[in-house]
Amino acid sequence: MTVGRAPGAEAPANSRDLKRPLVYVLLSLGLLIMSAPFLWMALSSFKTPSDLAASPPVWLPTEWTLDNFRDLLGKLDLPLYFMNSVIVAVLVTVSNLVFCSMLGYALAKLRFVGRDKIFGLVLGALMVPGNLMLLPLFVLMSKLHLIDSYAGLVLPFAAGAFGVFLMRQFMQSIPDELLEAARMDGAGEWYIFWRIVMPLVKPALATLSIFTFLGSWNNFVWPLIATNDPDKYTLPVALATFATDPNKAGGSNGMLMAGAFLVVLPVLVLFIALQRHFTQGIATAGMK
């Protein structure tokens, strides 16, 4: 006896097959809308003045040129400011990876008095707007005579509440039995942290490195406040100062687009290099 298939049994599968292309179209449209400003900036950095002033605007340059980059290098000490940004961003990123991982490990895997209260303070720090801390940080750096120094640009951001929270949530997914087995074999906490835990949290480290590097690289307000010496300017501050100086920028949109493109390029390269670990870290953080 043959059992007949219930009418409409294939409807859910067919419905999913129809929705999937629609979802791809909507996501592609959203990606295009979000990436349009970046594409415009990147393409405009290679345009001639006539293309930049064209009406209606043209997307693709009619004549590709590197004059905007040459003019920018001629009027702005770009290598100096680029190295300042690299030094500050790398030091801030490395310090966050080390300190946030250490505190995250302590809050996730060690038992001590006041652990939950410390984690509550970390959560509370996440709710405090960063701009409220600018004045106290400036007064503190001034008292320590760290204005116009790399230390003054790095120390206030050497460890962040978000990084501690991210590493703590990710480290909670590590089985306690694995760490207990290492302790029973005579391993100390430093050995467990560096040789066992850290290799297991590479996705979280990649995620934290991208967020931290991006935030430090694009940080504008604090370097503007904490530096009076032009030789200590980071790249965003130098470009903003350059853009507002009529004797240098002179309303040249091409040079400004070239400078903005150079600011974004290192972050884009870093994201592409760590994309696989980044997506894995976002997907698994907080799971236990």
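First check a/c for the chain, with a ≥ b ≥ c the square roots of the eigenvalues of its C-alpha gyration tensor; if it is under 1.5, answer rounded, and if not, answer prolate when a/b is larger than b/c or oblate otherwise.
Working: a/c = 2.61, a/b = 1.14, b/c = 2.28.
Judged from the Cα gyration tensor, the chain comes out oblate (a/c at least 1.5, b/c at or above a/b).
Quick one: putting +1 on the C-beta of Lys and Arg, -1 on the C-beta of Asp and Glu, what dipole do you get for the chain around its Cα centre, in Debye to the nearest 20?
Details: 20 positive and 17 negative charges, 165 e Å.
Roughly 800 debye, rounded to the nearest 20.
Starting with the highest mean, order 258-265, 193-200 by the number of other Cβ atoms within 10 Å, averaged over the residues of each peptide. If you can, show how the numbers build up before the last one.
Numbers: 258-265: 19.1, 193-200: 15.0.
Going from most to least packed, we get 258-265, 193-200.
Only helical DSSP H runs with n ≥ 4 go in: add -39500 (n - 2.57) per run for the chain, normalise by residue count and round the 222 nm mean residue ellipticity to 500 deg cm²/dmol.
Details: 14 runs with 189 residues, N = 288.
Taking each H run of at least 4 residues, the total per residue is -21000 deg cm²/dmol.
Of the chain, which part is the longest with no GluC sites (Glu not before Pro) in a loop (DSSP not H, G, I, E, B) and with at most 12 other C-beta atoms within 10 angstrom?
Values: sites that count: Glu10, Glu63.
The longest uninterrupted stretch comes out as 64-288.
Read-outs throughout are calculated quantities, based only on the coordinates presented, and are distinct from any laboratory measurement. Predicted, not measured: the structure shown is a model, and the values here were computed from it. Positions of Cβ are generated from backbone atoms using ideal geometry, with glycine treated the same way; all protein chains shown enter the neighbour counts.
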